[in-house]
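**Q** Quick one: structure below, then a few questions.
Nothing in this text is a laboratory measurement; each read-out follows from the coordinates by a stated rule. Note that this is a predicted model, so its numbers are computed, not measured. Positions of Cβ are backbone-derived with ideal geometry, glycine not excepted, and every protein chain shown enters the neighbour counts.
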């Protein structure tokens, strides 16, 4: 191989991607085989606080938090149904939400980026955040979900923000949000938050 | 744009989230079907299923499949069946006598093929060592075949010229890593 050709490089990228996904799937299979473990202290990163009967558990390894994230993260279907009219913004929005519902998150985000955020109806930031989170893009997910909290989709965006913090390993922030969710008797994600807190502890 | 078209566009634009969803979505159905139909154990079938999902995904990403005449599930199971038959054929190649083993002629084309395979392995490993942002940029340019403008937008570079310059540096780095690996392995 005297000179690297584009075909050589493409083949190498293809093989690496195959290996990467193979490892990811093998990891999924291993997780399915294991029973849900309790978190155990790690000597290198222990900080145990006991306060008023509440026990704060140790910072779990980031890989364990990621595994829990994968177990609990499920994009919700879009409930905004913008009609397709002559207006290009509304059409772009309708297209974006259709792409979101089809699981085409990258395309949905690209479509939303063609619309000025001033024209976003309520709830769009929530789906934008979830789309970014589905792609593993935690920073833009956080920004969008924090915006979403300002509007009427606040309870749902709280849950996804808690999941975002879980994914980034910010367990204190994640737990704090989940405790707020559990404390709200009417919260739509109360059961899931309680189960996740239980798994974390 | 219908759902399938949207999915294809998403995959071709580098969205990797769908591969995990497909994996989970069709896994149980595949295992139920394949365990009844083929003499392979569960682990072997899972291994084949993993390869089938990746192959389907990559064929869409590389534009080798541009539309579906049937469902994702049908395509996926079809690829898996092909891999299962390949595995079963491989197992059935079982010479019982030494004089039945054909003498391998070590010809130049064969040697060249082995050498090329070895070099491909070295290139693959060199690519792994590249690190950010080069690994991602190389992937976008050579695998997904994004334009320089699209890469600039995706990776937040100033413009296409900046990407071009960075890509050039990345290629030089890759060539260097590849050269080091091939020289150290002789």
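**Q** Can you bin the range A:81-141 into rounded, prolate or oblate? Criterion: square roots of the alpha carbon gyration tensor eigenvalues sorted a ≥ b ≥ c, rounded for a/c under 1.5, prolate for a/b above b/c, oblate for the rest.
**A** Taking the square roots of the gyration eigenvalues as a ≥ b ≥ c, the range A:81-141 is prolate.
**Q** For the range A:127-145 and the range A:159-190, write down the distance between their C-alpha centroids in whole Å.
**A** Each part's Cα centre sits 15 Å from the other's.
**Q** What is the order of A:18, B:168, B:118, fewest Cβ neighbours within 10 Å to most?
**A** B:168, B:118, A:18
**Q** Would you mind computing, in nm to one decimal, how far apart the modelled labels at residue B:118 and residue B:182 are, each placed 7 Å from Cα along Cα→Cβ?
**A** Distance between the two pseudo-spin positions: 1.2 nm.
**Q** Among B:132, A:174, B:147, A:66, what is the fewest-to-most ranking by other Cβ atoms within 10 Å?
**A** Values: B:132 8, A:174 25, B:147 12, A:66 17.
Starting with the residue having the fewest Cβ neighbours, the order is B:132, B:147, A:66, A:174.
**Q** OK, next. Give me the one-decimal nm value for the distance between modelled label points at residue A:70 and residue B:162, 7 Å along each residue's Cα-to-Cβ direction.
**A** Rounded to a tenth, the inter-label distance reads 3.4 nm.
**Q** Now for a separate question. Between rounded, prolate and oblate, where does the range A:151-201 land on the alpha carbon gyration tensor, with a ≥ b ≥ c its root eigenvalues, rounded for a/c under 1.5, else prolate if a/b exceeds b/c?
**A** Working: a/c = 2.14, a/b = 1.24, b/c = 1.73.
Here the range A:151-201 falls in the oblate category.
**Q** I've got another one for you. Going by how many other beta carbons lie within 10 Å of each one, how would you line up B:85, A:127, B:23, fewest first?
**A** Details: B:85 11, A:127 28, B:23 22.
Exposure proxy ranking, most exposed first: B:85, B:23, A:127.
**Q** Starting from the Cα of residue B:69, move 7 Å in the Cα-to-Cβ direction to define the label point; list residues of the range B:5-40 whose amide nitrogen is under 19 Å from there.
**A** What the label zone holds, given the 19 Å backbone N cut-off, is B:5.
**Q** Which of the three applies to the range A:72-201, rounded, prolate or oblate, going by the alpha-carbon gyration tensor with a ≥ b ≥ c and a/c under 1.5 meaning rounded?
**A** Prolate, since a/c reaches 1.5 and a/b exceeds b/c.
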